[in-house]
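Before any comments, here is the structure.
The values are calculated or read from the model by the stated rules, or taken from the named source; none is laboratory data. What you see is a predicted model; the values in this text were computed from it and never measured. With ideal geometry, Cβ positions are generated from the backbone for all residues, glycine too; neighbour counts draw on all protein chains shown. The accessibility values were calculated without ligands, DNA or RNA, using every heavy atom of the protein model including side chains. Shrake-Rupley method; radii C 1.70, N 1.55, O 1.52, S 1.80 Å.
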Amino acid sequence: RDDHAAFEMDCSHRLITDPEQGNCSMAYESVIGQGRITLLPEGEKPAALERIMLHYRQEGFAYSQAALPATTVFKLTVERMTAKRRPVK
(Lines give C-alpha, C1' and ligand atoms only; values in the text may rest on other atoms or scores of the structure.)
Protein backbone atom coordinates (compact mmCIF):
# COMPACT_ATOMS: atom_id res chain seq x y z
CA ARG A 1 0.00 0.00 0.00
CA ASP A 2 2.99 2.31 0.48
CA ASP A 3 5.76 2.37 -2.11
CA HIS A 4 8.29 4.15 0.13
CA ALA A 5 11.34 2.07 1.03
CA ALA A 6 14.57 2.47 2.94
CA PHE A 7 17.78 0.52 2.56
CA GLU A 8 21.11 0.12 4.33
CA MET A 9 24.24 -1.65 3.17
CA ASP A 10 27.52 -1.95 4.99
CA CYS A 11 30.88 -3.64 4.58
CA SER A 12 34.53 -3.61 5.64
CA HIS A 13 33.72 -4.37 9.26
CA ARG A 14 36.75 -4.65 11.48
CA LEU A 15 37.07 -4.62 15.23
CA ILE A 16 39.43 -1.94 16.51
CA THR A 17 40.80 -2.48 20.00
CA ASP A 18 42.72 -0.06 22.17
CA PRO A 19 44.16 -2.11 25.07
CA GLU A 20 45.86 0.95 26.59
CA GLN A 21 42.54 2.80 26.91
CA GLY A 22 40.54 -0.36 27.59
CA ASN A 23 37.99 0.18 24.84
CA CYS A 24 37.06 -0.95 21.35
CA SER A 25 35.16 0.26 18.30
CA MET A 26 34.38 -0.80 14.72
CA ALA A 27 35.72 0.28 11.37
CA TYR A 28 33.08 0.21 8.62
CA GLU A 29 31.69 1.67 5.41
CA SER A 30 27.94 2.17 5.00
CA VAL A 31 25.32 3.57 2.66
CA ILE A 32 21.80 4.47 3.78
CA GLY A 33 19.03 5.71 1.54
CA GLN A 34 15.39 6.05 0.72
CA GLY A 35 13.40 5.60 -2.45
CA ARG A 36 10.37 4.02 -4.02
CA ILE A 37 9.82 0.36 -4.76
CA THR A 38 7.84 -1.00 -7.71
CA LEU A 39 6.99 -4.44 -9.01
CA LEU A 40 9.11 -5.25 -12.05
CA PRO A 41 7.04 -6.18 -15.13
CA GLU A 42 7.16 -9.86 -16.15
CA GLY A 43 9.05 -9.08 -19.36
CA GLU A 44 11.89 -7.42 -17.42
CA LYS A 45 12.38 -10.22 -14.86
CA PRO A 46 14.80 -12.37 -16.89
CA ALA A 47 17.25 -9.49 -17.50
CA ALA A 48 17.05 -8.42 -13.85
CA LEU A 49 17.72 -11.95 -12.63
CA GLU A 50 20.66 -12.25 -15.05
CA ARG A 51 22.19 -9.12 -13.48
CA ILE A 52 21.64 -10.45 -9.97
CA MET A 53 23.21 -13.80 -10.88
CA LEU A 54 26.18 -12.01 -12.50
CA HIS A 55 26.79 -10.28 -9.18
CA TYR A 56 26.83 -13.55 -7.22
CA ARG A 57 28.03 -16.08 -9.81
CA GLN A 58 30.26 -16.24 -12.84
CA GLU A 59 28.99 -14.98 -16.21
CA GLY A 60 26.73 -17.45 -17.98
CA PHE A 61 25.56 -19.20 -14.79
CA ALA A 62 22.20 -20.74 -15.69
CA TYR A 63 19.52 -20.38 -13.05
CA SER A 64 16.43 -22.59 -13.16
CA GLN A 65 13.93 -21.22 -15.69
CA ALA A 66 11.25 -23.17 -13.82
CA ALA A 67 11.66 -20.75 -10.92
CA LEU A 68 10.87 -17.68 -13.07
CA PRO A 69 7.03 -17.80 -12.82
CA ALA A 70 7.23 -18.19 -9.03
CA THR A 71 9.78 -15.37 -8.60
CA THR A 72 8.76 -11.80 -7.85
CA VAL A 73 11.28 -9.07 -8.59
CA PHE A 74 11.05 -5.55 -7.18
CA LYS A 75 12.86 -2.46 -8.41
CA LEU A 76 14.13 0.14 -5.95
CA THR A 77 14.49 3.64 -7.41
CA VAL A 78 16.83 5.55 -5.09
CA GLU A 79 15.77 9.12 -4.33
CA ARG A 80 18.14 10.01 -1.47
CA MET A 81 21.36 8.43 -0.28
CA THR A 82 24.14 9.15 2.21
CA ALA A 83 27.38 7.35 2.93
CA LYS A 84 29.60 7.12 5.97
CA ARG A 85 32.96 5.56 6.68
CA ARG A 86 35.01 4.99 9.78
CA PRO A 87 38.43 3.76 8.63
CA VAL A 88 41.06 2.00 10.66
CA LYS A 89 43.55 4.59 11.92
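Kindly write out, for the range 47-63 in residue order, the coupling ³J(HN,Hα) from the Karplus curve 6.51 cos²θ - 1.76 cosθ + 1.60 (θ = phi - 60°), rounded to whole Hz, with x marking Gly and Pro.
Those phi angles translate into 5, 5, 5, 4, 5, 5, 5, 5, 5, 9, 10, 6, 4, x, 5, 8, 8 Hz.
Met81 accessible area, nearest 10 Å², 1.4 Å probe?
Counting only protein heavy atoms, the figure is 120 Å².
With springs connecting C-alpha atoms under 10 Å apart, model the chain as a Gaussian network and identify which of Thr71, Thr17, Thr38 has the largest mean-square fluctuation.
Looking only at Thr71, Thr17, Thr38, the biggest GNM fluctuation is shown by Thr17.
Given Cα pairs under 8 Å that are at least 6 residues apart, what percent is the relative contact order of the chain?
Here the relative contact order equals 37 percent.
Net charge near Tyr28, counting Lys/Arg +1 and Asp/Glu -1 over other residues with Cβ under 14 Å of its Cβ?
Here the count lands on +2.
Would you grab the residues whose amide H sits under 5 Å from the one on Val73? Only those 5+ places off in sequence or on another chain, please, with H modelled 1.01 Å from N.
Leu40
To the nearest µm²/s, what D does Stokes-Einstein give for the range 18-89 at 25 °C and 0.890 mPa s, using the Kirkwood radius over alpha carbon pairs as Rh?
In µm²/s, the coefficient rounds to 153.
Would you mind counting up the charge near Arg14? Only other residues with Cβ under 14 Å from its Cβ, with Lys and Arg at +1 and Asp and Glu at -1.
Summing Lys and Arg as +1 and Asp and Glu as -1 gives 0.
Please sort by residue number the trypsin sites (Lys or Arg not before Pro) in the range 1-39 whose DSSP state is loop and whose Cβ has at most 15 other Cβ atoms within 10 Å.
Loop-located and lightly packed - Arg1.
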